[in-house]
Structure formats: C-alpha cells, structure tokens
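Below is one structure, written out as structure tokens; the observations come after it.
No lab work stands behind these numbers, since they all come straight from the coordinates. Computed from a prediction, not measured in an experiment: that's the story for all the values here. Backbone-built Cβ (ideal geometry, glycine too); neighbour counts: all protein chains shown.
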2 protein chains.
Amino acid sequence: MGASTLHNGSLSLLTDLYQLTMAQSYFQNKKFAPATFSLFVRAYPPHRSYFVSAGLEDVLDFLEDFALDSEAIEYLRSTRIFDADFLEFLKGLRFTGEVWAIPEGRLFFKDEPVLEITAPVIEAQLVETLVINQIHLATMIASKAARCAHAADGRAVVDFSLRRTHGADAGMKAARSSYLVGFSGTSNVLAGRRYGIPVVGTMAHSFVSSFEREIDAFRAYAASFPENSTFLIDTYDTVEGARKAVVVAREMEQSGHHLRGVRIDSGNLLSLGREVRRILDDAGLSEVKILGSGGLDEYDLLALSEAKAPYDSYGIGTKMGVSSDAPWLDMAYKLVEYDNRPVLKLSPGKASWPGKKQLFRAEDRQSRMEKDIVTLRDEELRGTEPLLKKVMENGRIREPCPSLEEIRENFFREFSRLDEAVKSIERPQNYPVEFSPRLQELKAECERHVA
Amino acid sequence: MGASTLHNGSLSLLTDLYQLTMAQSYFQNKKFAPATFSLFVRAYPPHRSYFVSAGLEDVLDFLEDFALDSEAIEYLRSTRIFDADFLEFLKGLRFTGEVWAIPEGRLFFKDEPVLEITAPVIEAQLVETLVINQIHLATMIASKAARCAHAADGRAVVDFSLRRTHGADAGMKAARSSYLVGFSGTSNVLAGRRYGIPVVGTMAHSFVSSFEREIDAFRAYAASFPENSTFLIDTYDTVEGARKAVVVAREMEQSGHHLRGVRIDSGNLLSLGREVRRILDDAGLSEVKILGSGGLDEYDLLALSEAKAPYDSYGIGTKMGVSSDAPWLDMAYKLVEYDNRPVLKLSPGKASWPGKKQLFRAEDRQSRMEKDIVTLRDEELRGTEPLLKKVMENGRIREPCPSLEEIRENFFREFSRLDEAVKSIERPQNYPVEFSPRLQELKAECERHVA
C-alpha cells in the first residue's frame, strides 16, 4: 500500500530532491549555521476566516526519529547526483534543532507563524517537505471540520470520509482532525483503535439489496444488533423504507428491544427528514433517531439547521475529508533568519516577515478573543497570551503531547471565545492580526537592504 | 506518522465500521453466497471527460495480504459491538475472491465498471473501503495529471506536489499516477526509489536567501553541481535574477561547465519567460533551459502553450497533486449481484446497473477510439476489445502486474487514439458509451421486480 507501509528510514526520504541537493551545496560551502524557518498560511481560501492548528504530534515524532537508513543512502548514491563525503555526512545526520509551535486545537489566522524551526540549515531544510505535508493536511481538515461542526448547530456530526480521502494517511488524519474539533466519532475503525476515537456506523445499500426484500434486511440486522441498529431506508424509496422500519421497530419492541435510528442518504434531506420524522412520531417512535448523510458539507448543514430539519446527527464524508471547496492552503515554510541575520523574500504575492517570532493573543473584558499581535520572538506583551510554545529542544520532544481529549477541550474553550462574525459560514469577517512596530521596522530594514 | 507506518494487519482494519457490523449480520444470518460489486464513477466533474485507470496494483496486493491480526481482533472485541463467534470467524478470514479490472493506464468513462469483485459477500464487503480509497485517489490524480501533460503540448512536466498532497500516501500516489500518464519525473525522492521514477529538482528561495547576495547562492550551487544546476531567479527580482544567472553561467563556461537552466516560480510567467529568454539568448546562452512553476494547472499550461511561451519544462505541484478543481470523484462500489441474483439500487441520482459486466472498446478504421459498450459479463462483441481482465482468482494475483513503464506506454498508445474533442481542456465532448440490449433489459426487469 505504498506509503502506508513506511518505516522511519523510508519516511526521512519522503522529501523533495532539491532539499538534498541544497543540503549538499550547504555542506560543500560549509554552511552549517542555524537557520529559522517559519510556517504560515499566506491567505484564506474563499469563505474561510480561521485555521485550527493540527498535525504537530506527528511532526514532532518524525523530527525526533529523523534518520536516513542505509537503503536510503544507497538509493541516493545510485542517482549519481551526490558526492561520497556528503552521503557519509547524511548517514549520521539527525534532527538536533528546536521547534516553537502553536499547540494543536488552538486557532490561528493568516500570516501568523504556526510553527518555527531553528536548526543547522541542512536539518531545517531537509525536513521542510514532510513538515508542510503533515501540518497542511491536518490543519486544513481540522479547519473544514470545525466549520461543519459549527454549522450543525449542536447536532452530532460523525466522520464518514475514509473511502474518498486522498489515500490511507489522509483517512487517518481526517478522523483525528475532525474529532479534534468536535466530531463525535468516525467510521474509520483503524482510527478508532489508534486514536481512541468512538467508532460509529449504520449499514450500506449493499446490505439492503443483498436481501430479496428490504424489510428482511432490516430484520436480519435487528437480530444481530437488537439495541444498536440504524436502518438505511433510502435504497428504493425513503418513505416506504421508513414505513418498513416502523414495522420492524414494533417487532423489536415486542421482544423488548428498541430501534436506535434510521439513516437517509439521498434525496431532499429536509422534506424527507420531516416526512420520516412524522411517520416515526405517528407510530409512537419519537425516540428513534434520524441520521442524515450523502454529500453534506457545512453549507448544507447550515441550511438544514436554519430550517430546523429534524435530524439528530449527520454523517459527513467526502466534502469534509477532502476539504472539497478548499482542498489546499497556501501554506509556506520560509527562511526568516540565517546565522542570526534576518532574511525575507520579495517574490510577487509571496513576501514574508523576517526574524524569529512570537504570537500574542489579546482578549477583551468578557474574555472574548480580541486580536492577535505577531512580534519578534524576544518581545513581551503584558496581559496577552504567547501562543508559540517551545515544544522541542536539541531534537527531543520537551514534554508529552496533550491527549486528543485535552486538545479537543482546548479547541472548544477557545472556539466559544471567537466572535460569531468571524465564524460565519458564508460571509465571515476577518479577525484582527497586527504586527508589532519592531517587526515592521525589521521588515522595512530588510527591504531596504535588499533594494 | 500515523497511517504511513501501517503493516498489513493494521491495513485490514482501515475500513468503515459498518463493513464489520454488516459482516457480523451476514455471518449470523448465514449469508455466505458470492456477491459481485462493481466500481464505477457516476459523473464527470466539470471539464472532465475521461478517467485513467490507476491504483490496481496496490489494491491487488492489499487483497492478497488481507488478514486481521490478533491486535485488530482484540480491538474489535474491546468495542463490545461484536459477538465472540464472529470474531473467531474474522481471525481466519482471507480474501478468496476474483477480481476483474481495467488495466492501469487504460482510459475509461463514466458509468463504466473499472473493477468488479466477486467473493463471498463478507469478503467483498469488508474490502470495499480501501478498494475505493486507493483506486479513487490514483485514478483521480492520473486523470488530472493527464490533462496537465496534454495541455503542456510536448513540454516536459514534472511532479512538485509532495508538500501539499493530502498526507504521505497521497504524495507517493501523486508521483506514481502522474508519471503513469506522461510526467517525466518527480521531486519526491522516496517515490523515485520505490517506483523507479526519475527524480528532479532545482533550488528553493530559502537557499538563495541564506546567502547575503543572490549571485553568491548561484555560485555556490554551481560549484556543487557544475553540470546540473538550475537557478531559481525570482527570489527578489526575476529580470535581475536572470542577469545574475548570465554572469554565473559565463563564469561556469570559463571552467568548462554549463548552466543547465533557470526557474521562474512567480509573477506573470508569460512575459517574464519571454524577457528571461531574450536575456539568455542575447548572452549567447540559448541552450540554457527555462522551467516554469508556481501554482500551475492545465488551464495555465494551455494558455502558456497557446501563447508559445518559451518554457522548456514545467513543475506542477499543488493543483495536480490535490486535483484542485475536482478533489473527489463520485466513485461507487455497488452490489450488482448476490447469490446469482442481479440487484440494483434506485436511490435518487444513485441508480446502478445490475449484473456482472464486461466492457468493450470499438475502434474505427483509422484505429481511433470510436465508442465503448458495457455488456453483461458473458456477452461477446466481435471486432472489439474486452477491457475487463481477470486479474485475481481464488484470492491470488494471476500474473505479475505490468511495470510502470509498460503502463505508461499503454497510456500513451491509447491516449493518442482518443479524439481531440474529448481531450479538450476547457470544453470537452463526451465519449460515447452504450449499454447492450441485454444489460438494458436486465435493468428494466430488476426495476419491475423492485416496483
């Protein structure tokens, strides 16, 4: 399964070739000074106005274990691109740097550093590709899923995305990132096992159609799961399916069991949900839940919430799992300091802020998020919270990462303090982000220097 | 790194919970009859008009190795969802079925079966999630990358997408799928090693800005790679960067070496490319290549091709690697036959064709692709090519998969036979797909039966 069977010696080769050719040139030009790279998102995709930090734990594990094994070195030798002394140097190379990062589950905004790495330039350069790859994916999905959970307005949302995420790794990260921002479970069994996320599931159309009659499928499933059955009722005709579910629910009650719910996966979810709810209620089955699914995203959820559609929960798949309306973020990992010299880039649309940074979050008297201020690392802003924490030093993780449950609680706490106008699904306002006078001055100075 | 360190025992748990709950219900209801599932794409995303089959090799490896290890069984037990006798059954479960599939690199179209699995229903059901996950990703990227290569109109295109693909697995598959349809290399070093794809790379802005002067960065890189240097010239000012590249290229010539190329990664690629070409040519450096990159997709490439922009090659990253304008396909894996009974689904917008199938491709007298005909498996259409091959039998791969180079050659051969109107980047026509009278009759019969 390709990248899904990698061990660490392989993972360290999961980089762009130019990281290695630049490394050789740094090596041959004796450039071993410390470099600081800053990871940030340059712009919001349409309708986005915040990001949720995610992916840090995997990145720290990767950095701590970074090493090229002998097969990797042999492969590099076989390309005839590299010199023998550089390959010898690579063999013993480990990541020895420090990492400052916004903890997972915390909000951040465009142009803010979410992670800064300071390490000998070769090390900081070689890890770039995988650092971006992992933080980008986890953050993008967490941010999309947060919007879905918010739009569901209190209804439970669960992750059904595994089949259409971009590969195995993405499927795992979609489950974790969505749980982190308030999804209540995932259909992904391996994610359940690995991350301790509650696993959820109903039945598929194939189960229904493997029986000659729909009602027989319901009866068979109820026999297997007498207290935990959710019938999928839209295989042929949703309203007829609901009536059959009522028949089987009553049979279940006669043996002391209860139908848990029904799922509607196609058609007009609003009108079908109402009709099915009425059928269930008229049959005295008001405790039977309705789960909605089928290509839903936050815009659909918002419309259903506003119409007070009678759903108890939603299964969210493809559009969350691939972040369909914004399947990439303009995330960059830029050199901001080399050998204690602040640097910047001027490429059109890609200008960066120089120097090692800190990020402070100010709140108002009601403890609501008021604004962020990006500063140089050594600045202090009284009465505000510094968000970048030193999480790795000398290549070692400083303290155990928080549990997924803790991260989730931190997300809930902070998200409730963010202005509703910034969280708007369709027309969000920008959250205020300022740059300290010292940082602005440094940037201007660098620009003058370049010019 | 989460899913990137999976072994096979884990991979078999990478499924939706409902596959396992349905499996228990099949088990308890003694449903062990063979089922056939058909994998197909229901609709074209905007501007798409063909798909390229990809991902089969990984799927066959997964099926051949399918097994739940003891940790997996213990995890399932801990959920308290499953009965002991079913868990015992799962322990010994292997995939014993047969697979018919369109070979990798061949074209296919909407509503056509790209893969059909026939196996005892529990086996066929349990593997659904990963089969879709892998074929969907590889096919989606191959189809997007084919459009990019086509739009580049003969210029070389290389994969630069790893940093923004959705995780590690997607990064590997993007490299493989894009090479399969004509990309000439990848920046992904691990993909180079694993798949034997040529690896390519230039330098990053960070390398340039780690030097106090841009020209020193060029000199240092040239010293390391005297015959294989491509300078990135847009860190500060592209035209100035080109002039500095000329200075260093002349210095290289004095020591008997040659600058290979320059890269432009931002700004107006058309006008900058022309200006840089002129600067190089005026300096007698007409053999120095220009590589363009920076957020390119097939629409940009088409515009550059039509304007005869003077690029020799392009680096294609994010937008190919995430299939940005169509980050998912409406791909479904539907039960079409159970226990020799053809079945279908009628859900709105999700209707399926019943029965085991074959797919035939007809060509005209000029050997151009003329039309496809979807039939029942046992039909024969003289003078046409059957596309679904039996690639697995009794759970074993029937013969070694073709090499990536063979797959690529097969793609080239077939793509050249597809009408330009169908390959149009902006307004493609649909390729004709017909359904045999027997298949149509069977569908009508099933519909009557359900009604």
- Query: Can you run phi through the Karplus equation (6.51, -1.76, 1.60; θ = phi - 60°) for segment A:269-285 and list ³J(HN,Hα) in whole Hz, with x for Gly and Pro?
  - Reply: 5, 5, 5, 5, x, 5, 5, 5, 4, 5, 4, 5, 5, 4, 8, x, 10
- Note on the structure: In this structure, among A:K144/A:K423; B:K244/B:K289; A:K244/A:K289; B:K173/B:K423, pairs with alpha-carbon gaps over 20 Å are B:K173/B:K423
- Item | Full-extension gain in nm, A:F32 to A:E212, via 0.36 nm per residue minus C-alpha separation | 57.7 nm
- For A:E370, distant residues with modelled amide H under 5 Å away: A:A362, A:E363, A:D364
- Task: Name the residues whose placed amide hydrogens come within less than 5 Å of the amide hydrogen of B:V262, ignoring near sequence neighbours (fewer than 5 apart) on the same chain.
- Result: B:F231, B:K289, B:I290, B:L291
- Starting from the Cα of A:Q429, step 7 Å toward the Cβ, then list every residue of segment A:26-52 with an amide N under 18 Å from that point. A:47-51
- Message: Charges at C-beta only: +1 for Lys and Arg, -1 for Asp and Glu. How large is the resulting dipole of segment B:301-432 about its Cα centre, in Debye rounded to 20?
- Response: 420 debye
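Report the antiparallel proportion of the DSSP beta bridges in segment A:52-204 as a percent, rounded to a multiple of 5. List each step's numbers first, then the result.
Details: 5 of 8 bridges.
Approximately 60 percent, going by the DSSP bridge assignments.
If you average 1/r over all unlike Cα pairs in segment B:92-135 and invert the result, what Kirkwood radius do you get in angstrom?
On the way: mean 1/r = 0.0856 Å⁻¹.
Roughly 11.7 Å, rounded to one decimal.
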- So in chain B, what percent of DSSP beta bridges are antiparallel if you round to the nearest 5? 65 percent
- Query: For A:A421 and B:V422, what is the calculated FRET efficiency with R₀ set at 30 Å and r taken between the beta-carbons, to the nearest 0.05?
  - Reply: 0.05
- Message: Treating the point 7 Å from Cα along Cα-beta-carbon as the label, what are the nm separations from A:G256 to the other copies, to one decimal?
- Response: 9.4
- What is the list of residues in segment B:176-200 whose amide nitrogen lies under 18 Å from a point 7 angstrom out from the Cα of A:S78, following Cα to Cβ? B:176, B:185-200
- With no solvent and one equal point scatterer per Cα, compute the Debye intensity ratio I(q)/I(0) for chain A at 0.10, 0.13 Å⁻¹ and report its log10, rounded to two decimals. -0.79, -1.13
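Defining a contact as two alpha carbons under 8 Å apart and six or more residues distant in sequence, what relative contact order in percent does chain A show? Could you put the intermediate results ahead of the total?
Values: 859 pairs, mean separation 95.0, N = 451.
RCO, chain A: 21 percent.
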- Extension length gain for A:D339 and A:R398 (0.36 nm per residue less Cα distance), in nm, is 18.8 nm
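Compute the orientation-averaged projected area for segment B:144-321 from the convex hull of its Cα atoms and round it to one decimal in nm². Could you put the intermediate results ahead of the total?
Values: hull surface 39.1 nm².
The Cα convex hull of segment B:144-321, projected and averaged over all directions, gives 9.8 nm².
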- Cα Rg, Dmax (largest Cα-Cα span) when computed across segment A:378-451, Å: 18.0, 50
- Read phi for every residue in segment A:134-144 and hand back ³J(HN,Hα) as whole Hz from Karplus 6.51 cos²θ - 1.76 cosθ + 1.60, θ = phi - 60°, with x for Gly and Pro. 7, 5, 4, 4, 5, 6, 4, 5, 4, 5, 5
- 222 nm mean residue ellipticity, helices alone, for chain A (DSSP H n ≥ 4; -39,500 (n - 2.57); rounded to 500): -12000 deg cm²/dmol
- Amide hydrogen neighbours beyond the local backbone of B:G97, cut-off 5 Å, H modeled: B:G395
- Item | Rg to Rh quotient for segment B:317-451, alpha carbon positions, Kirkwood Rh | 1.00
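Net charge near B:R243, counting Lys/Arg +1 and Asp/Glu -1 over other residues with Cβ under 12 Å of its Cβ? Please report the intermediate quantities before stating the final value.
Working: positive: B:K244, B:R250, B:R278; negative: B:E214, B:D237, B:E240, B:E275, B:D282.
Once positives and negatives cancel, what remains is -2.
How much of the calculated P(r) for the protein assembly as shown lies past 51 Å, in percent of all Cα pairs?
Roughly 18 percent, rounded to a whole number.
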- Item | Length added when fully stretched, A:R278-A:E253, from 0.36 nm per residue minus Cα-Cα | 7.1 nm
- Query: Given B:Q429, B:T202, B:A191, which one lies farthest toward the positive end of the charge dipole of chain B, if we put +1 on the Cβ of every Lys and Arg and -1 on the Cβ of every Asp and Glu?
  - Reply: B:Q429
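For a Förster distance of 35 Å, can you work out the FRET efficiency between the beta-carbons of B:E370 and B:A444, rounded to the nearest 0.05?
0.85
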- Message: Please list 3J(HN,Hα) in residue order for segment A:153-166, calculated via the Karplus relation 6.51 cos²θ - 1.76 cosθ + 1.60 where θ = phi - 60°; whole Hz, with x for glycine and proline.
- Response: 6, x, 6, 5, 10, 10, 7, 10, 8, 3, 5, 10, 5, 7
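Averaged across the residues of B:187-198, what count of C-beta atoms belonging to other chains lies within 10 Å of each residue's C-beta? Mind showing how you got there, number by number?
Values: counts 6, 7, 15, 11, 4, 6, 10, 6, 1, 0, 0, 2.
What the average comes to for B:187-198 is 6.
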